[in-house]
Structures are given as C-alpha cells and as structure tokens.
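**Q** First the structure, which I've put down as structure tokens, then a few questions once you've had a look.
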Amino acid sequence: MSMTHVETRHFVLKDRLLDDFFLVQLEALDNSFFPNPWSHRAWEDFVKNPSNYYLVLALAEGRQTGGEVFPHDSAEGEVLVGYSLFLLSEPESLAHLLKIVVRPSWRQMGLGKRMIHEGIQTLLGKEFERIFLEVEENNIDAVNLYQTLGFRRLHYSKHFYGPGRHAVIMDNKIKP
Ligand SMILES: CC(C)(COP(=O)(O)OP(=O)(O)OC[C@H]1O[C@@H](n2cnc3c(N)ncnc32)[C@H](O)[C@@H]1OP(=O)(O)O)[C@@H](O)C(=O)NCCC(=O)NCCS
C-alpha cells in the first residue's frame, strides 16, 4: 500500500467544525481501540467547541483499505485511517496529546509520526510551547513513537489506568 495516497486533514482551533461524516468514523475508530471510548454525545459536545482542540485526521480512499472490515467504510469515499487529538490550553501555551490511533493495517508506515509532527508544527506556529501526554508503560509502540519525536519521560504514575496498569507521563518542549 502506498503512503502517497494518504492525505492528512486538519481541524484547527476556530477554523471549522468537524462534520457528521467524519465524526461517525472518528467514533468508530475510537471504539476499536479504547476500552472506555467516548459516547456519541461526548464527541458531539466536544467538537462544538473548536477552540479547545486540534485534530489531525489521516484519510485514505475507500478502495485502498483492501479487505479490512470496518464500520462506515465506503467503497470509494474517504476512510479515516488514523487520527490524533490534542487538547489545548492557550493561556498556558500547553497542549495535551489525548488520543492517537492508527488503524491496524495502516500501522508502521509512518502515519503516527506524521500526524504528531504536523500537530507539533501547527501548535508551534500558534505559540504553543509544550505538549504532554500519558501512555501506558507497556505500550511499546506508542512509547517508541513519542521518543522518536522528542518526547521525554517526566513522571511515572502508578495505577493510572487501573490496578496494575501504570502510566508514563511524557512531555516535549516544542519551542526551540
Ligand atoms: C501507537 C501508534 C499510533 C503508532 O502509529 P504508527 O503509524 O504505526 O507509527 P509510525 O509508523 O509513525 O512509527 C513511528 C515510530 O513509532 C515506533 N513504532 C511504531 N510501531 C512500532 C512497533 N510495532 N514496534 C516498535 N516500535 C514501533 C517506532 O519508533 C517508529 O519509528 P521508526 O519507524 O523510525 O522505527 C499505533 O501503533 C496505534 O494506533 N496503536 C494503538 C493506539 C495506541 O496505542 N495509541 C497510543 C495511546 S493513546
């Protein structure tokens, strides 16, 4: 599968709201990975306030998804293959990388890196200085991804995700 056909699209601050088509796909992708995904209502409420978030969507043409079965795929239309979601606190020049997911058959092709890199560039341009995140300590794929992009380990938070499930808190001071 060629990466050249994947487009990343941004939903930035006050620019525009996320439309229903992508919202439905976003929820489906969220549901496929997170044990406690947000409800439809939670997503709807969240996207009503675009100054609070920055979202990068990775979109592919429907026919590129091969045999992978996934809700809301269309034969020819755009399909969401990944997203990264940053929460923003403008007064503190601080962003929180809250969620990032790439569909399984699209992993290890550089999409995760590309989505975070684009987030960093945009946030830098908007005078943000730091991004932080939490990640489960044994999520090696994600920890490696973040380290590759310059995130450093800041704290260790025991039982953050539940009994025996510990988190590493990482941050990236993006302002040179
Ligand atoms: C974590 C995740 C987003 C990575 O996305 P991806 O598109 O596969 O990542 P990339 O292809 O951009 O890889 C970037 C770097 O991440 C690391 N990485 C990615 N997959 C890896 C794997 N299977 N094993 C080891 N390192 C891996 C590598 O350091 C890689 O850099 P390299 O290619 O130069 O070696 C993806 O695995 C995923 O969706 N996981 C489930 C959701 C999740 O865990 N989200 C994070 C917690 S919210």
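The values are calculated or read from the model by the stated rules, or taken from the named source; none is laboratory data. None of these values were measured; they are calculated from a predicted model. Quick reminder, even Gly has a Cβ in these numbers, built from the backbone with ideal geometry, and neighbours come from all protein chains shown.
**Q** S105 is checked against (1) at pLDDT 90 or above; (2) surrounded by fewer than 16 Cβ atoms within 10 Å (Cβ to Cβ); (3) within 14 Å of the ligand (Cβ to nearest atom) and fails just one. What number does that condition carry?
**A** So S105 meets the others, but not (1).
**Q** Could you grab the pairs with beta carbons closer than 7 Å, sequence gap of 6+ or different chains, first residue in region 82-108 and at negative phi and in contact (Cβ under 8 Å) with a residue 24 or more places away in the chain, second one of a type in the set (K, R) and away from the ligand (no atom under 15 Å from the Cβ)?
**A** L94/R130
**Q** I'd like to verify a number: residues in region 23-47 that are assigned to a helix (DSSP H, G or I) and over 16 Å from the mean Cα position of the chain (by Cα), how many?
**A** Summing the residues that are assigned to a helix (DSSP H, G or I) and over 16 Å from the mean Cα position of the chain (by Cα) in region 23-47 gives 5.
**Q** Then there's this: Within the bounds of region 142-154, is there any residue that is among the charged types (D, E, K, R), more than 8 Å from the ligand (Cβ to nearest atom), over 17 Å from the mean Cα position of the chain (by Cα) and at positive phi?
**A** Checking region 142-154: not a single residue is among the charged types (D, E, K, R), more than 8 Å from the ligand (Cβ to nearest atom), over 17 Å from the mean Cα position of the chain (by Cα) and at positive phi.
**Q** Here is a follow-up. Please work out which residue is nearest to the ligand (Cβ to nearest atom), limiting yourself to region 120-141 and to residues that are free of Cβ contacts under 8 Å to residues at least 40 places away in the same chain and in contact with a strand residue (DSSP E or B) (Cβ under 7 Å, 6 or more places away or on another chain).
**A** Among them, the one singled out is V135.
**Q** With more than 13 Å from the chain's Cα centre (by Cα) and modelled with pLDDT of 85 or more as the only criterion, which of P50, P91 stands out?
**A** Every option except P91 fails the conditions.
**Q** For V168, work out the one condition from (1) touching a helix residue (DSSP H, G or I) at 6+ places or on another chain (Cβ under 8 Å); (2) more than 14 Å from the ligand (Cβ to nearest atom) it doesn't fulfil.
**A** Only one criterion is unmet by V168, namely (2).
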